[in-house]
Amino acid sequence: MPIKYIPYYPNTVEGQAILDNITRTQRVLRYRENDKVYDRIKRGMPYYEVETLETVGTPPLGVGGLENLVIRGECISACAYLKEQGIKVDLVYIDPPFASGADYAKKVYLRRNPKLAEKIAEAEQQMDMDELKAFEEKMYGDIWQKEDYLNWMYENLMAIKSVMTDTASIFLHIDWHIGHYVKILMDEVFGEDNFKNEIVWKTQTPSGMKALANKLGSTHDTIFWYAKSETFTYQPQFLEVSEQYIKRNYPYEDEKGFYKTAELQEPSEATLNKLKADGLLYTTKNGKIRYKMYAENTEGILLDDFWNDFLALSATAGERVSYSTQKPEMLLDRIMRLSCKNWRNEEKTERTVVADFFGGSGVTAKAASDLKRKFIHVDIGINSIQTVRDRLKEAKANFQILEIKDGVSLFRNPQQTMDKLKMLIPGLLQGLPGISKFWFGAVVHSKDGTIPVYVPNLLNTQEKVLDIPTINTIINQELQNLEINAKKVIVYYIDIDDQKELEKFIRDNNATEIEVELKDLKNLLHDVVIEDIIDSKTTKTAAGYETEINKFISDRLIQKIGEFNQKGNLQSIAKGKKFNPINISEEGLELIELIALDCENSEGQWHSSTEIKIDKLGYVIRDGVKSKDFWDGKIISNKKPLRIKVRNISGDETIKSI
Ligand SMILES: C[S@@+](CC[C@H](N)C(=O)[O-])C[C@H]1O[C@@H](n2cnc3c(N)ncnc32)[C@H](O)[C@@H]1O
């Protein structure tokens, strides 16, 4: 018996995800206030209408029925679509936001304006990248409350599991910020017994990182590998041996090369004779039999869970496609070779399918296409969809682009939509005293006083559908906790479960005097999207048709550039540094990234009969083939074009009939 009990340190640290709030009843991990997750899982994945936007390449797309897919939409609704279509995947790689606390942005470069003669001369001398005029475009935010992130991730994992074949594997790429919690989710969703490896990928050398004053530098990411069941694919991989490795591990040398020796345990007569005949029998000292193993015969070093033979992509790597979190193709190539066969069946009629539900730059789709697997790329952001489309087109892949109509045409991406909403809700004020963070802000009305406004956080896709659990939180918790004397609150929604039922629920359960007004956010969002204006002229020539762009006006970009210039001017005053504002020419052609003509359809699914993309340096990529030509403001087609599509440098696309 102990002499006495000594108290522990009394408190744990605030701010961590609280694991003692996890209950494992009903096989659902539940963090604090997590009943909503349970309800949503019970309800199912939201299935929306899906529109085919474009087919790139020539259908039918190879053996095995399923087409390669690029899907604009969020992970869970993409999984709902796949499940409904009966599409299953054999390998999943995901590299979701890491809860890294960062906002990711993309540099947007003005292109060379073919209408300005002096600019042509300037461009013909090698252009200096630093001189290129650029501004930034927010792509997505990665700032989360831990528990929100884990709830969100849990639903995503459950959705992904629903579309994995029984023999599939999943690789989840994460890092130190939240990886330790995510592994618990993976155990819960896929089962501890199906855990295969925690792969440590060394992404940087110590010399590649900044010295930190108070802790060690972090130079690796983590990839968790889980299988769906006991029957999964593992194909051992071998790394090439380096000269240094050979010298260290094959210490002897003769006329045939470097070798090491190994002991043979109870060899048969036949083995001994074979070794003797091949000249490999080494010694039989002390009754022990040893034989020679030559370095040149080795299969290589068996790959283990520590990957340090290639690093993260450098800023100037050849495969870079201007996507800040882009991973190397080598990583995906390895994961596929390791865990996914080329064919689903012995008869070789069905290719295996590799899916990435947070596809970003399209590294998984590109590597899958190179390795002859089918691919499914999903991402919520328009920049991702355009980047992967152009990347795959250059790689000569065949695929379809689908858009999930989840009730809202998001403004480029959810991050930018949230920023826009601040300006669009008439009279919205943020940070007013007495209005908690639950509310997006409040509007002050002469008759109704201060009206708190709720807006779903579009970055957290779980909040998208306004349902009874959310309304319940509002009326039974948030209205009671209001520190101001409100007569009314406005609840914006982007998608609604069952409006009549919700209104009845409010009538029956709202114990306060505060009126709850439901408003459709989409009405506001429609006002956000102002189409660009394309002024073009098509003429018949001896060889076909020539379409010339005379003028391109993009109010969205002009506004954005105006904001950028304003910020630059303010900073230059504060820092006493010179700032060169971005000026847009009269014709505005420097705002164009891609022009395409459709000579087949005048409406419906887009068909690119021919297209020109202008890269950062002003060079033209014609139908996916790079050139050293500068764009001359024209696009040529064999057939008469019926429609023209222009993508501006921020990714907004406008289609006009010709
Ligand atoms: C870390 S990046 C992926 C980078 C990618 N592995 C690559 O190599 O380019 C994460 C991506 O997830 C996307 N994303 C964020 N939330 C999403 C959601 N709910 N559904 C689908 N995609 C989402 C973002 O737009 C972003 O492109």
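Things to note:
- Of the GluC sites (Glu not before Pro) found in region 566-601, those in coil by DSSP whose Cβ has at most 11 other Cβ atoms within 10 Å are E586.
- Pairs beyond 31 Å (Cα-Cα), from K327/K405; K146/K447; K578/K634; K577/K628; K577/K634: K146/K447; K578/K634; K577/K628; K577/K634
- Remark: I380, I6 ranked as I6, I380, counting other beta-carbon atoms within 10 Å and listing the fewest first.
- Shown for the chain is the translational diffusion coefficient from the Stokes-Einstein equation, using the Kirkwood radius over Cα pairs, a temperature of 20 °C and a viscosity of 1.002 mPa s: 75 µm²/s.
- Of K537/K560; K393/K640; K396/K551; K83/K366, those spanning more than 26 Å from alpha-carbon to alpha-carbon: K537/K560; K396/K551
- If both residues of a DSSP beta bridge must be in region 414-527, then about 40% of such bridges are antiparallel.
- Applying a DSSP loop filter and a limit of 13 other Cβ atoms within 10 Å to the trypsin sites (Lys or Arg not before Pro) in region 384-484 leaves K396, K437, K447.
- From least to most packed, judged by other beta carbons within 10 angstrom and beginning with the fewest, D495, D95, D555 follow the order D555, D495, D95.
- Partners for K292 among lysines (Cα-Cα distance below 19 Å; same-chain residues under 8 apart left out): K247, K256, K260, K274, K276
- Those chymotrypsin sites (Phe, Trp or Tyr not before Pro) in region 142-238 that DSSP places in a loop and that have at most 13 other beta carbons within 10 Å: W176, Y234
- Based on DSSP H segments of at least four residues, each scored -39500 (n - 2.57), the chain has a per-residue ellipticity at 222 nm of -7500 deg cm²/dmol.
- The chain: antiparallel DSSP beta bridges as a percent of all, rounded to 5: 70
Computed from the coordinates by the stated procedures, all read-outs in this text should not be read as laboratory data. These numbers come from a predicted model, not from an experiment. Every residue, glycine among them, receives a Cβ derived from its backbone with ideal geometry; neighbour counts consider all protein chains shown.
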